[in-house]
1. Under 1.5 on a/c is rounded, so check that first for region 164-290, then, if it is not, pick prolate when a/b is larger than b/c and oblate when it is not; a ≥ b ≥ c are the square roots of the alpha carbon gyration tensor eigenvalues.
2. Residue by residue through region 175-188, what is 3J(HN,Hα) from phi via Karplus (6.51 cos²θ - 1.76 cosθ + 1.60, θ = phi - 60°)? Round to whole Hz and write x for glycine and proline.
3. Which far-off residues, 5 or more places away or on another chain, put their amide H under 5 Å from the one on Gly56, with H placed in the peptide plane?
4. Within a 10 angstrom radius of the beta carbon, how do Leu91, Leu158 rank from fewest other beta carbons to most?
5. Of Ala178, Tyr254, Gly196, whose Cα points farthest to the positive end of the dipole of region 164-266 (charges on the beta-carbon: +1 Lys, Arg; -1 Asp, Glu; origin at the Cα centre)?
6. Please compute the Kirkwood hydrodynamic radius over region 33-176, one decimal place, Å, based on all pairs of different Cα atoms.
7. Would you please classify the overall shape of region 1-107 from the alpha carbon gyration tensor, given that a ≥ b ≥ c denote the square roots of the eigenvalues, rounded means a/c under 1.5, and beyond that prolate means a/b larger than b/c while oblate covers the rest?
8. By per-residue mean of other Cβ atoms within 10 Å, what is the highest-first order of 19-31, 237-249?
Amino acid sequence: MDCSRIFMLASDHRWQWEEWCDGAGIARTRIGEAKALVFDAFLAARERSADVRRHGALLLDTVYAADSIAQARAAGVIVGAPVEKAGVFPLEWQSNPFHDGHAGNSFVKVLVRYRSEWSDAMTHAQLQKLLELQAWCRAQPVTLLIEIVIMRAGEPELEFEERGRPQLLAGLIRDAYARGLVPDLWKIEGTPSRDGAATIDHAIGEHPRPRQVILGKNADPATIAAWFDASAHLPSTAGFAIGRSVFWEPCTAYLSGRCPAPEAVETMTNRYLDLTAQFVERNRRSGGDV
């Protein structure tokens with residue numbers, strides 16, 4: 001998998017869908033329908049965009065989207081899946097062994113939560129699991145994507161978004177490198193601060209291999225645009241891995257009976273293409289090569 005440029009449509013969400021379905025009185029078995037619509041939107045975007053054909057990727061889960069993953073593989077789509085148990089902390093594997101069903105994918109993704117003040121025992125246990133996963137990925141070989149979520153613990157929000165989180169991320173990345181954990185991709189939360197984005201970029205760049213993709217957090221278009229403005233021009237930034245900002249509203253409308261499937265697919269296709277075009281434009285403004 002080429003990690004130099006990635007426009008990832010991320011739809012590996014599980015507990016979020018389960019919670020929503022339970023609250024809406026909709027059977028969890030229908031979650032797979034939403035995943036299939038996301039896959040259809042990706043294929044439509046690939047038909048319309050050379051950038052998506054060259055750099056598009058899909059992140060889907062094996063719990064509700066196994067059929068879509070198989071179809072993506074058959075269509076030659078770059079596709080990966082999460083290996084962590086959804087919504088569980090500390091890190092646990094979704095299945096045992098963790099690599100069940102993943103060997104045919106282009107990449108695997110794992111999400112970990114982090115705070116610098118957590119105990120050494122807690123962080124060491126997570127690190128050992130990640131090193132185990134890294135060893136398996138390198139033996140395949142399969143691209144390893146590590147998603148880091150830095151929990152806010154009472155800090156003022158703006159200060160945390162612009163300085164606190166970037167500093168914590170940079171420290172975690174440097175510590176991971178020192179311990180031998182060097183993923184192909186870091187999937188990280190964006191920042192509106194150019195200084196904060198540079199702090200993260202400098203840490204990632206201390207090893208020549210890894211790149212970063214910016215995750216979405218179900219943010220609105222203006223917020224995502226600010227993250228792209230701060231980060232798209234940096235050497236470590238390969239692209240984005242965004243999901244709910246694209247699919248949540250149209251897919252919940254579809255499952256609720258308020259939106260037909262073709263309309264939901266068209267909305268998602270356009271949103272994904274808009275994100276791709278935004279990133280390409282911001283990268284070109286800074287003299288980057290997309």
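Every number in this text was worked out from the coordinates using simple rules, so none of it is lab data. Since we're looking at a predicted model, the values are computed, not measured. So basically every Cβ, Gly included, is an ideal-geometry build from the backbone, and we count neighbours across all protein chains shown.
1. Here region 164-290 falls in the prolate category.
2. With the stated coefficients, region 175-188 comes to 5, 4, 4, 4, 9, x, 8, 9, x, 6, 9, 9, 9, 10 Hz.
3. Phe7
4. Going from sparsest to densest Cβ surroundings: Leu158, Leu91.
5. In region 164-266, that residue is Ala178.
6. Result for region 33-176, one decimal place: 17.0 Å.
7. oblate
8. Output ranking for 19-31, 237-249: 237-249, 19-31.
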